[in-house]
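Peer 1: Got a structure here, written out as structure tokens. Questions coming.
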Amino acid sequence: MTLEDVPTVVAWEQQLFPNPWAPQHFVAEITNSDVSVALVMEWEGEFAGYAVAWIVADELHIANIAVIPRYRRRGVARATIEHLLDLARSRGCTYAQLEVRASNAPAIALYRKLDFQIVGVRRGYYEKPREDALVMAREL
Ligand SMILES: CC(C)(COP(=O)(O)OP(=O)(O)OC[C@H]1O[C@@H](n2cnc3c(N)ncnc32)[C@H](O)[C@@H]1OP(=O)(O)O)[C@@H](O)C(=O)NCCC(=O)NCCS
């Protein structure tokens, strides 16, 4: 992801999430490249989605991932997460973790398929609507 991608990313973020990240949040992720990995995914040259992850010490944290509706169920998210897992391994990480809304069945199915397991619940973690987060994790 580059600064030029931010308007497109934010437009989709606002459509796809009830509590979207602000533009400056994405800008901070792009400029904080010591820790952040900010990606844009393309399908045949067209914008297909975006992802942000953090690599801190021995842990990969997947902070945000979205695939726009027209490119879903083509393996875009799966390939992106597999790329992030490989990158994290190459940087010495041993563990990957993320939070997901308890009602987000597609995302939970995606993470399970990639061998993440539910390791905890954060009560009332999300707003709009207030909802628990499942903490999912796997070793690398
Ligand atoms: C969740 C999301 C990122 C999945 O993206 P995607 O590119 O469509 O996912 P993939 O095609 O890589 O799917 C890989 C596997 O995940 C599972 N999966 C993905 N979407 C699913 C759905 N809607 N229902 C059930 N399983 C699903 C399937 O096992 C799928 O494999 P299959 O297609 O061979 O059955 C996408 O639906 C999305 O952007 N949702 C809105 C934003 C969001 O919720 N992000 C996650 C926040 S934690």
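Peer 1: Would you work out which of 52, 65, 87 lies farthest towards the positive end of the dipole of segment 36-138? Charges go on Cβ: Lys and Arg +1, Asp and Glu -1.
Peer 2: 65
Peer 1: Would you mind working out the magnitude of the charge dipole of segment 3-139 relative to its Cα centre, with +1 at each Lys and Arg C-beta and -1 at each Asp and Glu C-beta, to the nearest 20 Debye?
Peer 2: Roughly 620 debye for segment 3-139.
Peer 1: Would you please give the FRET efficiency between residue 102 and residue 72, computed as 1/(1 + (r/R0)^6) with r the Cβ-Cβ distance and R0 = 22 Å, to the nearest 0.05?
Peer 2: That pair, residue 102 with residue 72, gives E of 0.60.
Peer 1: With the full set of protein chains in place, find how many percent of the accessible area of the chain is carbon and sulfur; take the probe as 1.4 Å.
Peer 2: Looking at the chain in its full context, I get 49 percent from C and S.
Peer 1: Still on this structure: In whole Å and largest first, what semi-axes does the C-alpha gyration tensor of segment 3-139 yield when each eigenvalue is scaled by 5 and square-rooted?
Peer 2: Each semi-axis is the square root of five times an eigenvalue, giving 21, 19, 16 Å.
Peer 1: Zone of residue 131 (label point 7 Å along Cα→Cβ, backbone N under 13 Å): which residues in segment 6-36?
Peer 2: 16-20
Peer 1: Stretched out fully, how many nm does the piece from residue 32 to residue 14 gain, at 0.36 nm a residue minus the Cα gap?
Peer 2: Length gained between residue 32 and residue 14: 4.2 nm.
Peer 1: Determine the gain in length on full extension of the stretch residue 139-residue 2; use 0.36 nm per residue of separation and subtract their C-alpha separation, reporting nm with one decimal.
Peer 2: Gain on extension, residue 139 to residue 2, equals 46.4 nm.
Peer 1: Sorted by average packing, counted as other Cβ atoms within 10 angstrom per residue and highest first, what order do 22-30, 40-48 take?
Peer 2: Put in order of decreasing packing, that is 22-30, 40-48.
Peer 1: Write down the accessible area per residue of the chain in Å², having rolled a 1.4 Å probe over the full set of protein chains.
Peer 2: Dividing the accessible area of the chain by its residue count gives 56 Å².
Peer 1: Taking the Cβ-Cβ separation of residue 91 and residue 121 as r and a Förster radius of 30 Å, what is the calculated FRET efficiency to the nearest 0.05?
Peer 2: Computed FRET efficiency for residue 91 and residue 121: 0.55.
The values are calculated or read from the model by the stated rules, or taken from the named source; none is laboratory data. Just so we're clear, the structure is a prediction, and the values are computed from it rather than from any experiment. Every residue, glycine among them, receives a Cβ derived from its backbone with ideal geometry; neighbour counts consider all protein chains shown. In case anyone asks, the SASA skips ligands and DNA or RNA and just uses the protein heavy atoms, side chains included. Shrake-Rupley method; radii C 1.70, N 1.55, O 1.52, S 1.80 Å.
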